[in-house]
Amino acid sequence: MARGKTYIVRVPATTANIGSGFDTLGMSLGLYNVVQFVPDENVKLEDTMIDAEGEGVDQITTGLDNMIIKAMNVTASKAGRTLPGGSMYLINRIPFARGLGSSSAALASGVFLANLLMGEPFNRKELLDITAEMEGHPDNAAPAILGGFCMALIENGNVVAERIDIPSQWKAVVAIREF
């Protein structure tokens, strides 16, 4: 981990439970959350300073209650490591509680950040397993981690997933009502 380096991850919104593929089919969308993190060895992970703009900023929690921080902590624990805190800047474009995978995006962001900070000890499949374990829904976790259109299920505690590129002529339209 480089001192003063800014680590940046960008994770897509997802939609899942597509058609008859309940809890198995999902796809990424062209809407992204961005997380910027600057580690500081003098700050504990749970004391990370969070600043944000965009969707749901008034609902963002701090410390280990924050889904990104929690995912970073869990991922580091799985590697037998601890991570420093620092300062985090969030650009939230994915609305909360609207079926667009905001929780999967937050968890995937934390998993990716932790992996980067530790020098990438986990491969993409392992990152998917960690994210899906925390999320509980591989149909949202798989497209957040792998992108594209995904078929995914959990078998013996591990995610089995297949990714298919989304044809360029497909366009997703999302309408979010006020209630």
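The values are calculated or read from the model by the stated rules, or taken from the named source; none is laboratory data. Everything numeric in this text was worked out from a predicted model, so none of it was measured. Ideal geometry is used to build each Cβ from the backbone, glycine not excepted, and the neighbour counts take in all protein chains shown. Heads up: the accessible areas ignore ligands, DNA and RNA and are worked out on the full protein's heavy atoms, side chains in. Shrake-Rupley method; radii C 1.70, N 1.55, O 1.52, S 1.80 Å.
A few remarks follow.
- The single residue among LEU117, LEU113, LEU107 that is touching a residue at least 24 places away in the same chain (Cβ under 8 Å), touching a helix residue (DSSP H, G or I) at 6+ places or on another chain (Cβ under 8 Å), closer than 21 Å to GLN59 by Cα and open to solvent by less than 20 Å² (accessible area, probe 1.4 Å) turns out to be LEU107.
- Top-ranked residue in the range 120-147 [being of a type in the set (D, E, K, R) and open to solvent by less than 50 Å² (accessible area, probe 1.4 Å); ranked as farthest from ARG177 (Cα to Cα)]: ASP129
- Of residues in the range 35-58 being closer than 30 Å to GLU178 by Cβ and surrounded by fewer than 16 Cβ atoms within 10 Å (Cβ to Cβ), the one farthest from the chain's Cα centre (by Cα): ASP58
- Failed criterion for MET27 (all others in (1) open to solvent by less than 20 Å² (accessible area, probe 1.4 Å); (2) touching a Cys at 6+ places or on another chain (Cβ under 8 Å) hold): (1)
- For GLY99, the conditions (1) out of contact with any helix residue (DSSP H, G or I) (no Cβ under 6 Å at 6 or more places or on another chain); (2) modelled with pLDDT under 95; (3) open to solvent by less than 10 Å² (accessible area, probe 1.4 Å) are fulfilled apart from (3).
- Total residues in the range 9-24 satisfying the condition of being open to solvent by less than 30 Å² (accessible area, probe 1.4 Å) and either in a strand (DSSP E or B) or free of Cβ contacts under 8 Å to residues at least 12 places away in the same chain (or both): the figure is 6.
- For the range 148-179, the set of residues classified as basic (Lys, Arg) and closer than 17 Å to GLY99 by Cβ consists of ARG177 only.
- The criterion of at least 2 residues that are of a type in the set (Gly, Ala, Ser) is met by the following strands (runs of 3 or more DSSP E) wholly inside the range 65-179: 84-92.
- Taking the listed residues MET27, MET72, the one that is touching a residue at least 60 places away in the same chain (Cβ under 8 Å) and of a type outside the set (Ser, Thr, Tyr) is MET27, with no other qualifying.
- Summed over the range 155-179, the residues that are at pLDDT below 90, β-branched (Val, Ile, Thr) and open to solvent by 70 Å² or more (accessible area, probe 1.4 Å) give a count of 4.
- Any chance THR6 is of a type in the set (Val, Ile, Thr), modelled with pLDDT of 90 or more and surrounded by fewer than 16 Cβ atoms within 10 Å (Cβ to Cβ): yes
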